[in-house]
Amino acid sequence: MKKILLTSAAAFGLLFVTENQSFASCDGPYLAVRGGVANHTLGDKDENVATDTKLDIDDNSLMLSGALGYRYKYFRIEAEYVWRKDYEDKVTSLAVHPLGGYVVSTRTSEFSSKSYMANIYWDLSPYTMFTPYVSAGLGITSLEYTFKGNDSNGTHVKYDEDNFTWSVGGGLSAQVTSRFNIDLGYRYYDMGELECGEVHNHEVYGGLRYTF
């Protein structure tokens, strides 16, 4: 009985060491793709005099990104490009014409953001099957907000900025194999100002990561 217990313990110990070695083998360069939901907000915004419309954004849009990085033990660093689907809104108003009848006017707005980020990740327990992590990033975001109207004035106003951006976040990574990971996470972005309004973004994403 004692021999059986000793043999089982040795086998378990060997399996544990082998698994740890296989987990450790995933250090190195990696490719990552991510997709999820982005939610922008633009706060403290004055009225746009030209369109008499608040520059408010608060809706969900698709987010996709690709990254090239390097992992070493507890840390990962990467360069990432983040694309977000344009957000569009339309407002139709009805006004009484001075000469009689009604005038219908339509105003449309379109908002877009694309980010170029340098990120760092801290994996809290990198050689286990499930790894919580925290992240931070610095980069540039290209912001564009366009207003168009079909009224007699032909209103067309465009705001366009390339802003310094920072982000923080966290999530959980699951190892499928020693080189293939599934990530689930959240990130908050501060994208600077667009015409005196602060642009923020919240993202929830899922991702796939392969280490070479």
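Quick notes on this structure:
Yes/no matrix, rows are residues, columns are (1) at pLDDT 85 or above; (2) among the aliphatic types (A, V, I, L, M); (3) farther than 20 Å from residue 31 by Cα:
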site	(1), (2), (3)
95	no, yes, yes
99	no, yes, yes
106	no, no, yes
119	yes, no, no
129	yes, yes, no
139	yes, no, no
158	no, no, yes
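- Number of the exception - residue 209 against (1) of a type in the set (Lys, Arg); (2) under 18 Å from the mean Cα position of the chain (by Cα); (3) modelled with pLDDT under 90: (3)
- For the range 194-206, the tally of residues that are within 18 Å of the chain's Cα centre (by Cα) and either charged (D, E, K, R) or buried (at least 19 other Cβ atoms within 10 Å of the Cβ) (or both) stands at 5.
The values are calculated or read from the model by the stated rules, or taken from the named source; none is laboratory data. Quantities reported herein were computed from a predicted structural model and do not represent experimental measurements. Neighbour counts are summed over all protein chains in view; Cβ atoms, including those assigned to glycine, are modelled from backbone coordinates with ideal geometry.
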